[in-house]
Every structure is written in C-alpha cells, then in structure tokens.
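Below is one structure, written out as structure tokens, with a few remarks after it.
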Amino acid sequence: MGTSAGVPTRSRNVSSVALRHVQRGEVWLFDCGEATQHQLLRSDLRISQITRIFVTHMHGDHVFGLPGLLATCGMAGHARRIDVYGPKNLAEYFDATSALSQTRFSYPVEVHTVEGAGVVFEDEDYRVECAPLRHRVRTYGYRVTERDRAGRFDVERARSLGIPEGPLYGRLKRGERVTLPDGRVVDGAELTGPAEPGRRVAYCTDTVYCRAGVELARDADLLIHEATFAEADAELARQSMHSTAAEAARVAREAGARRLVITHFSPRYGEVNPVTTQDLLAEARAVFPATELARDFLTVPVPRRA
C-alpha cells in the first residue's frame, strides 16, 4: 500500500503492506501510514476484509493512518472484529485519538501490546511471531508462518481397499488410524502423501542489519525488508538507524530466504535523481539475486513450495 520512507512522494505513499488470505477472505495489514485507507480504495482489496493490523513502531509514517482507517471501518458498518498489535505506546495512542476525536466504534477493536520476542497470535492456520529490531525507538519485525497441510489423500487406493466414503475419509486424511466395519485397521499415514510445508513471510522495517531480522526471515518464502538508502549514503543509514539495500539483501542471504522484496525508500531516490530506486535494486541483487523492487500496489504471490 506504500513504499516511501518518512514522507509520501508523488508516486509512493508511506508504509503499509497488506497480506491477503484468499481462502479465508481476510486481509492483515502490517503498518498503517497516513492515507493507507485511500490506497485501499485504489486497490482490489476491501476494507471490510481487514481483521488484523500489526504495527512495527510508533513513528508517524507507520501509524498516522490507523485512526482514520479504524474510524472509516466503523462508519462503513464493519461487522468483523479488528485486532491491532504493536508496541506499548500504541494503546495509549489509540485511546487518545479516539477520545479527542470523539470516535465511537460500532464493532469490536482490541489493541494488544507486544513486548519482547515471541508468538503474538496463532490459530489453526497461522502463527505470527515478533522480535525486537534495532531502530531509534522500540521496533518489532514480524513473521507469519502457515501451518503445514496434510499430504494428498489417495482416494483411488482407499476405494480399492473397500473403505466406505464419508467421515472415515476425513479421519484418514488427518493421518488417524481407523477401524473399519469389517474389523480391519487402516493407518491414514499410509494413504496420504508427504505433508505440504506451510508458507513463511517475514516483514522487517525500520532497522539496521541485526541478527533478530535474520532469524525472523529464516527460510522465509518471502522477506519484505526496508532498503531506505543506497550504499553511497551508508553513513545516513547508520545515523538514522536504517538499512541500505545491500544490507537488506545480506539479511535475505544469511537467512536462506527464497525471495526478497525491498521497500521503504528514502524520497531522495526519485526517477530523475542521480541515484534512483533502480540503483537500490541493482545493489541488492549484487548480494541476493532473487530481489524485487516494491512499488505501490505491487502484488506478490507466495506460492507453495514444490
């Protein structure tokens, strides 16, 4: 939803990433910079699909869009509960903006304070973990892990064994041992293929290179990492505690990630400046070839591993 650092530009809004769960009909946001709701209106996503928002830190380019988005959800008759996760000051910010603007929510909203490293959410399909990164204020990176799925169930073999279709197939698909009406015992593991590994997505911004970021991105199918500066401006990166494109690529390489998308570009890198975002892409690819350059409204599928 936005790929610019600090302030928006004519072609880039400030930070927000949407993770769309197609089968569940849900959208999870990671950060919610100013005008994120405007970006949603220009996309093929629906505000009514948002169920969770994960905030990395309290700098304005990552949170100024949150009050407006949540208020709009209420005015639009949002029926779903929204859970918001972030640093300890997030709840205070939410309460203050709601009270001072006299905003009332017609749907449940709960703010969860994130402290330290660990699991912040999990259900039967996903687990979301966080870890502190290294920035000027307390900042968290997030990792979403999809649970492994049972392997393909061999229906033809089940039929050849004379197993009656129905509830028994469901139990066998889950790998259970089942006693058939004729007394035979069938192990579901023998009728299913290898489990399909769940997908992994990591989101790390704002931060300098750190081991916590590497661990969050360990074996990730997709790593989304800030690349605020070019190597020529590495001193600026150190002073502001941001990453260069090459440092983002180093995280991906050391973590064994499959793909890297770099984002959160300083507005100094425009289309006509001596250094452009294409130069950032080249610097990252020199370290980690499987790198893509984020742009607003870019859609990146996360396919299952073969």
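Taken together, the values in this text are just the output of simple stated rules run on the coordinates, not laboratory data. Here the structure is a predicted model, which is why all the values come from computation and not from measurement. Note that each Cβ is placed from the backbone with ideal geometry, even for glycine, and that neighbours are counted across all protein chains shown.
Brief remarks follow.
- Principal-axis tilt of helix 277-287 within the chain, Cα atoms, nearest 10 degrees: 50
- Highest-MSF residue in the chain out of ALA234, ALA195, ALA294 [GNM, Cα springs under 10 Å]: ALA195
- Cα gyration tensor category, rounded, prolate or oblate, for the range 25-119 with a/c compared to 1.5: rounded
- Distance in nm between pseudo-label sites at ALA76 and ASP95 (7 Å out along the Cβ direction from Cα): 2.8
- Interatomic Cα distance distribution for the range 205-254, bins of 5 angstrom, percent: 5, 26, 33, 21, 11, 4, 0
- Net charge, LYS88 excluded, C-beta distance under 12 Å - Lys, Arg +1, Asp, Glu -1: -1
- Comparing mean-square fluctuations of PRO181, PRO289, PRO274 from a GNM of the chain with C-alpha springs under 10 Å, the top value falls on PRO181.
- Dipole check for the chain: with +1 at the C-beta of Lys and Arg, -1 at the C-beta of Asp and Glu, and the Cα centre as origin, the magnitude is about 420 Debye.
- Projected-area mean, the range 114-244, by convex hull of Cα positions, square nanometres: 10.6
- The angle between the Cα long axis of helix 66-75 and the longest principal axis of the Cα atoms of the chain comes to about 60 degrees, rounded to the nearest 10.
- Scattering from the chain was approximated by placing one identical point on each alpha carbon and applying the Debye formula without solvent; log10 I(q)/I(0) at 0.14 1/Å stands at -1.01.
- Unit Cα scatterers, Debye sum, the range 196-293: log10 I(q)/I(0) for q = 0.13, 0.17 Å⁻¹: -0.38, -0.64
- Residues listed by number, the range 188-202, amide nitrogen under 16 Å from GLU176 label point at 7 Å toward C-beta: 188-192
- Label point at HIS112 placed 7 Å out along Cα→Cβ; residues across the range 129-153 whose backbone nitrogen lies under 14 Å: 129-131, 142-145
- Diffusion coefficient, µm² s⁻¹, Stokes-Einstein with Kirkwood Rh over alpha-carbon pairs of the range 97-190 at 25 °C and 0.890 mPa s: 135
- Cβ-Cβ FRET estimate between ARG238 and VAL119, R0 fixed at 30 Å, reported to 0.05: 0.40
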